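Here is the structure we will look at, set down as structure tokens.
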Amino acid sequence: MKELLELYLIFVKIGSVNFGGGYAMLPLLERELVTERGWVTTEELMDYFAIGQCTPGIIALNVSTFIGNKRKGVAGGITASIGFLTVPILIILLIAAFLTNFAELPVVKNAFAGIRVCVCVLILQAVERLWSKAVVDKRTLVLYLVIFALAAFSAYLPVSLPAAVLVIGAGVFGIFFGKAGDKK
């Protein structure tokens, strides 16, 4: 029970500062779960993000569920998910209950303008960390460039490629070409 409470409280903390979605959350997750607690490795965290991108729902919530499940099974997954959602749900309920036209208030507009800048920095940090762990040789660099081009220019292609298709395609590439490279 103590471990479930710890899971809940850690994910309440993470969920309370999760502005900007899952990728902006990566530095916080890495510090809390990899560096401070050793609950997962950086590679596992990257895998959870990849799977979270492919599965329905919010990436950050999916990652919370995966980590909770790894720690304490189904009960841990549920506990971590509830912890992650607690503060955002309370904030949304407060906003909905007490403020009309909340987004139009000058103080809110200014706050979100500042938050957007911070989120960009957090996402760039996440990209740098992911890059250093993921792009490790010429093969992964080529894969990165192909996926980046497909994502960046998807709007100009005859068929728009969803992120899940890109992630699954990269996984298939890794299965076939990663194994072939290891046999050399």
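The values are calculated or read from the model by the stated rules, or taken from the named source; none is laboratory data. For clarity, every value in this text was computed on a predicted model and none was experimentally measured. A quick note on method: Cβ atoms are made from the backbone with ideal geometry, for glycine too, and the neighbour counts reach across all protein chains shown.
Assorted remarks:
- Single residue of Leu122, Leu90 found to be of a type in the set (A, V, I, L, M), assigned by TED's automatic domain parsing to the domain that holds Glu32 and in contact (Cβ under 8 Å) with a residue 60 or more places away in the chain: Leu122
- So Thr65, is it modelled with pLDDT of 85 or more, more than 29 Å from Gly171 (Cα to Cα) and touching a Gly at 6+ places or on another chain (Cβ under 6 Å): no
- Contacts under 6 angstrom Cβ, first residue in the stretch 15-38 being among the aromatic types (Phe, Trp, Tyr), partner modelled with pLDDT of 75 or more, 6 or more apart: Phe19/Ile115; Phe19/Val119; Tyr23/Ile123; Tyr23/Ala126
- Residue pairs whose Cβ atoms lie under 9 Å apart, sitting 6 or more positions apart in sequence or on different chains, and linking a residue in the stretch 43-68 that is farther than 17 Å from Ile82 by Cα to a partner that is of a type in the set (Phe, Trp, Tyr) and at pLDDT below 85, are Phe49/Tyr23.
- Which listed residue is over 21 Å from Ser16 (Cα atoms), of a type outside the set (D, E, K, R) and modelled with pLDDT under 85, from Leu94, Leu122, Leu105: Leu105
- Of all residues in the stretch 36-59, those satisfying the criterion of being in a helix (DSSP H, G or I), of a type outside the set (A, V, I, L, M), at pLDDT 80 or above and in contact with a helix residue (DSSP H, G or I) (Cβ under 9 Å, 6 or more places away or on another chain) are Thr42, Glu43, Glu44, Asp47, Tyr48, Phe49, Gly52.
- The set of residues in the stretch 106-163 being of a type in the set (D, E, K, R) and either exposed (fewer than 13 other Cβ atoms within 10 Å of the Cβ) or touching a Ser or Thr at 6+ places or on another chain (Cβ under 7 Å) (or both) consists of Lys109, Arg116, Glu128, Lys133, Asp137, Lys138.
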